[in-house]
Amino acid sequence: MGVWLAGKPLADRIKADVAKKAAEYKDRTGRTPGLAAVLVGDNKASQVYVRTKEKTSQQLGFASRILKLPADIDARALEERIRELNRDEDIDGILVQLPLPGHLDPWAAVAAIDPRKDVDGIHPVTLGRLVQNQDAFKTCTPQGVLELLKDFGVALEGKNVAVIGRSLIVGKPLAVMLTNENATVTVCHSKTRDLPGVVSRADIVVAAMGRPAFVTPDFVKEGAVVVDVGINSVTDARLAGELFGDDPARRKDLADKGYTLVGDVHPAVVAKAAALTPVPGGVGPLTVAALMKNTLEAFRRLKGLD
Ligand code: NAP
């Protein structure tokens, strides 16, 4: 039986360290890091994510701002608003909350961010530097995954790692970061043949596919470390019951909110793995902590502080 590898205690430690440093900088300079989130339209999940980031940044003593823009904004107007934030000296970090409405190209919007303020770590310059293994803001969710593995004492060098998912915000940058750490990485996706066969050879599995409870015990080698990045809303009480039995917290979620959050990994995997991250409370809090760490670093560099 493996252990549940919670991310929250580590995320709390990272945030406490960031808050302490931000307070020291404020004492010295009178300035605080500024984070701006660009929110286009009224996607409910995006609103929740942006509010969490705003709340956390305020808790750490940052100046935080949400730029709410209408769903029908055109690409030129959106990019101009992003450039205004690039010029704003009170703003050190800018994030464009994805997904954007269908008529907008998300990567054109991200490319409009000044790379020095790219605290999500997804600008083409940032990703290029990451591929070159040069100093760069590390994409937040992959950074969280790596911090969690290191904190749990998982050595990466020479390990076989299966990353399921190849998106630009999770799978691809994570594969690069793991390669930079000397792991042997297999990136899997929807066209991968014999996914269970490929994944079951891995010492470490990271699932980032957006498919509730897809990775079942037959995918996983005995004693593997499994990181579940997926966040899926499950509204079906029968499926929730199959996954979590009579768990009162899950029943309460369904009764109060009408859904419960489920990862990409079936909870039964914990019995076969050495460790499995829970959803919620696994990688999610570390993603937010990584954003705060990157914002403090952007502030430090832009203001020329040591
Ligand atoms: P995405 O852009 O939709 O990418 C999903 C990836 O999974 C794609 O590469 C896709 O393959 C692959 N995939 C989908 N179904 C598959 C299947 N049946 N077999 C093998 N591969 C499959 O998603 P994302 O933005 O990376 O997010 C992935 C999950 O992580 C979502 O649940 C999201 O909510 C969650 N997430 C969590 C955090 C966090 O902080 N914890 C942060 C970001 C995302 P193709 O490329 O071939 O289509």
For Leu127, which of the numbered conditions (1) touching a residue at least 24 places away in the same chain (Cβ under 8 Å); (2) within 15 Å of the ligand (Cβ to nearest atom); (3) in the same structural domain as Ile204 (by TED's automatic domain parsing) fails to hold? (3)
Which numbered condition in (1) modelled with pLDDT of 95 or more; (2) under 24 Å from Gly281 (Cα atoms) is the only one that Ala237 fails? (1)
Taking the options Pro196, Pro173, name whichever one is closer than 24 Å to Trp107 by Cα and assigned by TED's automatic domain parsing to the domain that holds Gly263. Pro173
Just checking, how many residues over segment 25-68 are open to solvent by 50 Å² or more (accessible area, probe 1.4 Å) and part of a loop (DSSP other than H, G, I, E, B)? 4
Would you mind finding the one in Thr277, Thr295, Thr216, Thr260 that is open to solvent by 10 Å² or more (accessible area, probe 1.4 Å) and of a type in the set (Ser, Thr, Tyr)? Thr216
Enumerate the pairs (first residue in segment 157-170 and more than 18 Å from Thr139 (Cα to Cα); second residue anywhere and outside any loop (DSSP other than H, G, I, E, B) and within 8 Å of the ligand (Cβ to nearest atom)) with beta-carbon separation below 8 Å, excluding pairs fewer than 6 apart on the same chain, so at least 6 apart or on different chains. Ala162/Cys188
Based on what the data block shows, is Pro280 near the ligand (Cβ under 9 Å from one of its atoms) and touching a strand residue (DSSP E or B) at 6+ places or on another chain (Cβ under 7 Å)? yes
Give the residue that is surrounded by the most Cβ atoms within 10 Å (Cβ to Cβ), with candidates limited to residues of segment 187-204 that are under 20 Å from the mean Cα position of the chain (by Cα) and within 12 Å of the ligand (Cβ to nearest atom). Cys188
Check Leu100, Leu78 and return the single one that is outside any helix (DSSP H, G or I) and either at pLDDT below 95 or surrounded by 14 or more Cβ atoms within 10 Å (Cβ to Cβ) (or both). Leu100
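The values are calculated or read from the model by the stated rules, or taken from the named source; none is laboratory data. These figures come from a predicted structure and were not determined experimentally. Positions of Cβ are backbone-derived with ideal geometry, glycine not excepted, and every protein chain shown enters the neighbour counts. Side chains are part of the model used for accessible areas, which takes the heavy atoms of the whole protein and leaves out ligands, DNA and RNA. Shrake-Rupley method; radii C 1.70, N 1.55, O 1.52, S 1.80 Å.
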